[in-house]
1. Scan the strands (runs of 3 or more DSSP E) fully inside the range 1-75 and keep the ones with 2 or more residues being more than 23 Å from residue 85 (Cα to Cα).
2. Report, by residue number, each residue of the range 1-38 that is among the hydrophobic types (A, V, I, L, M, F, W, C) and exposed (fewer than 13 other Cβ atoms within 10 Å of the Cβ).
3. Quick test for you: out of 72, 45, pick the one residue that is surrounded by 16 or more Cβ atoms within 10 Å (Cβ to Cβ), closer than 17 Å to residue 3 by Cα and at pLDDT below 90.
4. Please give the number of the condition residue 34 fails out of (1) in contact with a helix residue (DSSP H, G or I) (Cβ under 7 Å, 6 or more places away or on another chain); (2) over 25 Å from residue 6 (Cβ atoms); (3) free of Cβ contacts under 8 Å to residues at least 24 places away in the same chain.
5. Which condition from (1) within 23 Å of residue 31 (Cα to Cα); (2) surrounded by fewer than 18 Cβ atoms within 10 Å (Cβ to Cβ); (3) touching a residue at least 24 places away in the same chain (Cβ under 8 Å) is the one that residue 56 breaks?
Amino acid sequence: MKLFVTRDRDVGKIEVSNLPIEDVLFLQHDKKYVSVHTMEQEFFVPGSLSHYEEALQAAGYDFRMVDRNILVNVPKIKLLDTIFSKAYFESEISDKSKSITLAQVHFQALKSEFKMVHGIAFV
């Protein structure tokens, strides 16, 4: 499955590309648009996060709302910061690492779930 994305915030004003869902780390709603984040790039799509959450889950992907404006691809999380309630998508954190901040209730739910799964680090 792929998402139709653009690199321009004014969706529709620039060339549309196909982005494999497997490359998506998270989607974030910011006022008028939804940004789609990969490890290296940021794209934009029209619509609402609830629309994408429903569609991606129906297609068998594990995307979850972790804050009022963030929908994360859960299998992409590699590290959870227990002090700042942040999720990282790399095992080694650097200044350029992408991260998201989770609402405390969602952070605690993921933390308890990940304690049962090997390969997730906690700092």
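1. In the range 1-75, the matching strands (runs of 3 or more DSSP E) lie at 2-6, 16-20, 42-45.
2. 1, 4, 14, listed by residue number.
3. Details: 72 fails: at pLDDT below 90.
Step by step, each of 72, 45 is checked, and only 45 is surrounded by 16 or more Cβ atoms within 10 Å (Cβ to Cβ), closer than 17 Å to residue 3 by Cα and at pLDDT below 90.
4. Only one criterion is unmet by residue 34, namely (2).
5. All conditions pass for residue 56, except number (2).
The values are calculated or read from the model by the stated rules, or taken from the named source; none is laboratory data. Here the structure is a predicted model, which is why all the values come from computation and not from measurement. Cβ sites come from the backbone with ideal geometry, for glycine too, and all protein chains shown count toward neighbours.
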